[in-house]
Every structure is written in structure tokens, then in C-alpha cells.
1. Provide a single number: the residues in region 1-15 that are more than 11 Å from Trp64 (Cβ to Cβ) and part of a strand (DSSP E or B).
2. Taking only region 60-82 into account, find how many residues are of a type in the set (Gly, Ala, Ser) and closer than 15 Å to Leu47 by Cβ.
3. Every residue in region 50-73 that is among the hydrophobic types (A, V, I, L, M, F, W, C) and over 9 Å from the mean Cα position of the chain (by Cα), please.
4. Just the residues that are small (Gly, Ala, Ser) and touching a Lys or Arg at 6+ places or on another chain (Cβ under 9 Å), please, taken from region 5-51.
5. Tell me which residues, restricted to region 17-59, are assigned to a helix (DSSP H, G or I), in contact (Cβ under 8 Å) with a residue 40 or more places away in the chain and over 15 Å from Ser91 (Cβ atoms).
6. Tell me, please, whether a residue that is among the small types (Gly, Ala, Ser) and surrounded by fewer than 15 Cβ atoms within 10 Å (Cβ to Cβ) can be found in region 45-66.
Amino acid sequence: MSKVITSPVKRFSGTVVLSDPLTYPQVFAFQDALEAIKELGGDANYLRVQYAALPGILKCVEEWHLEGVPAHPGADNFPATPMASAAQLISWLFGEISKLNDEAENVPLE
């Protein structure tokens, strides 16, 4: 089953379909993105942080239906401008995927 979420970013209006539940490769890609962000350090340029987050985001999205975003985005064609809107988009997507990932990590193993 998938999860449809609606973008709160005016410049990139529309919806995104997230995988739900996440698969092992998706969880690993997201965790790798988290590690890459941590390795950049707290004073890293925010554009670099966004770029480091992209592989984890891209792996977890099944479908893109956002104005101004290609139907099949990758790191080479994902919009980086306008900078404020692009930052909001990355932050929103990362947060939504974090919720799915956190839910997956909080399942007790018996």
C-alpha cells in the first residue's frame, strides 16, 4: 500500500506517492542519507545537506506529481531553485519519510 501526500510548498504544488511500508533497500538508502548529512557536519552549506538527502528521498518516492518537478527526478535534474522553495520541498519530503522510517524502527522485535 502506498501513501499519497500533498505538498505544502506553493511553488511545487501537487502530490507525491511514498512507498508504505518502506522496503529494506529504501530504509537503507534513507539511513545512508542520514549518515551522509551527519558527516557533512553542523556548519555545512545547506545546499550540500539537501543534496545529501536526495538519494534517500528519491528511493522512497514511487510517483511524483509536483509542478516543476520531473516525473522521474534524479540528483541531476531535481530542482535546486528557487532556493527557499526547494529547501522547503526537501525538508517536507525528508520529514514525511522520517515518519515512515521512525515507525519502522519503533516496531518491537519479539
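What follows is calculated from the coordinates using simple rules that are stated; it is not laboratory data. The model shown is predicted, which means the values in this text are computed figures rather than measured ones. Cβ coordinates were reconstructed from backbone atoms using ideal geometry, including for glycine residues, and neighbour counts include every protein chain displayed.
1. The first filter runs over region 1-15 and keeps only residues more than 11 Å from Trp64 (Cβ to Cβ), leaving 1-6, 8-11, 13.
Those left that are additionally part of a strand (DSSP E or B): 2-6.
Count: 5.
2. Of all residues in region 60-82, those of a type in the set (Gly, Ala, Ser) come to 68, 71, 74-75, 80.
With closer than 15 Å to Leu47 by Cβ added as a condition, the list becomes 75, 80.
Residues flagged as of a type in the set (Gly, Ala, Ser) and closer than 15 Å to Leu47 by Cβ within region 60-82 amount to 2.
3. Initial filter on region 50-73 (among the hydrophobic types (A, V, I, L, M, F, W, C)): 52-54, 57-58, 60-61, 64, 66, 69, 71.
Ala52, Trp64, Leu66, Val69, Ala71, listed by residue number.
4. Just the residues of region 5-51 that are small (Gly, Ala, Ser), to begin with: 7, 13-14, 19, 29, 33, 36, 41-42, 44.
Correct list: Ser19, Ala29, Ala33.
5. Val27, Gln31
6. Filtering region 45-66 down to residues among the small types (Gly, Ala, Ser) leaves 52-53, 56.
Next, only the ones that are surrounded by fewer than 15 Cβ atoms within 10 Å (Cβ to Cβ) stay: none.
No, that holds for no residue.
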